[in-house]
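Working notes, beginning with the structure itself.
The values are calculated or read from the model by the stated rules, or taken from the named source; none is laboratory data. Here the structure is a predicted model, which means the values were calculated and not measured. No Cβ is skipped: glycine too gets one built from the backbone with ideal geometry, and neighbour counts run over all protein chains shown. Only protein heavy atoms, including side chains, enter the accessible area calculation; ligands, DNA and RNA are left aside. Shrake-Rupley method; radii C 1.70, N 1.55, O 1.52, S 1.80 Å.
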Amino acid sequence: MSTKVLIRNAGDNIARRETFDAGSLRGERWPVGPYLGRLPDDWVRAYRADENNSGIEYLVSSYGTPIGWVTGTGRVVTPDTWYSMTTSRHQGIARRNLATHSPWT
């Protein structure tokens, strides 16, 4: 079940690896076959490799495009792709909160 939150509070949910819905910014645990949106081909391949190897344990997306994920081994991936001003803001929230906190606390 997804908790509705304000974007300004989404960082806390990301840090705790909680499922949330902030409209255009979302987080989910154990995603199943997500829509990969505008993710560039090289990052699609990286996502699929992670999905097939250790699995994706947590995914953060902006407008349906993955902007950060945590693998089953705890590795944090944040693609360095520019999309828009809003998604750049979402990417900053994801990067800060995925990297600052240890997974599964």
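Key figures for this structure:
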quantity: Subset of region 15-43 that is among the acidic types (Asp, Glu) and more than 16 Å from residue 98 (Cβ to Cβ) - its residue that is nearest to the chain's Cα centre (by Cα); calculated: 21
quantity: Members of region 20-48 found to be assigned to a strand (DSSP E or B) and either on the phi > 0 side of the Ramachandran plot or touching a residue at least 24 places away in the same chain (Cβ under 8 Å) (or both), listed by number; calculated: 25, 26, 27, 28, 29
quantity: Output for region 9-19, where each listed residue is open to solvent by 40 Å² or more (accessible area, probe 1.4 Å) and either part of a helix (DSSP H, G or I) or on the phi > 0 side of the Ramachandran plot (or both); calculated: 9, 12
quantity: Count of region 49-86 residues which are under 18 Å from residue 26 (Cα atoms), open to solvent by 50 Å² or more (accessible area, probe 1.4 Å) and either assigned to a strand (DSSP E or B) or of a type in the set (S, T, N, Q) (or both); calculated: 2
quantity: The lone exception for residue 57 - which of (1) farther than 24 Å from residue 82 by Cβ; (2) over 11 Å from the mean Cα position of the chain (by Cα); (3) in contact (Cβ under 8 Å) with a residue 40 or more places away in the chain it fails; calculated: (2)
quantity: Matching residues, region 54-64, being polar (S, T, N, Q) and at pLDDT 95 or above; calculated: 61, 62
quantity: Every pair of residues 6+ apart whose Cβ atoms lie under 6 Å, when the first sits in region 64-92 and is without any contact (Cβ under 8 Å) to a residue 12 or more places away in the chain while the second is surrounded by fewer than 19 Cβ atoms within 10 Å (Cβ to Cβ) and of a type in the set (Phe, Trp, Tyr); calculated: none
quantity: Lone unmet requirement of (1) touching a His at 6+ places or on another chain (Cβ under 7 Å); (2) surrounded by fewer than 18 Cβ atoms within 10 Å (Cβ to Cβ) for residue 25; calculated: (2)
quantity: Criterion (open to solvent by less than 40 Å² (accessible area, probe 1.4 Å), over 13 Å from the mean Cα position of the chain (by Cα), of a type outside the set (Asp, Glu) and modelled with pLDDT of 95 or more) met by exactly one of 46, 94; calculated: 46
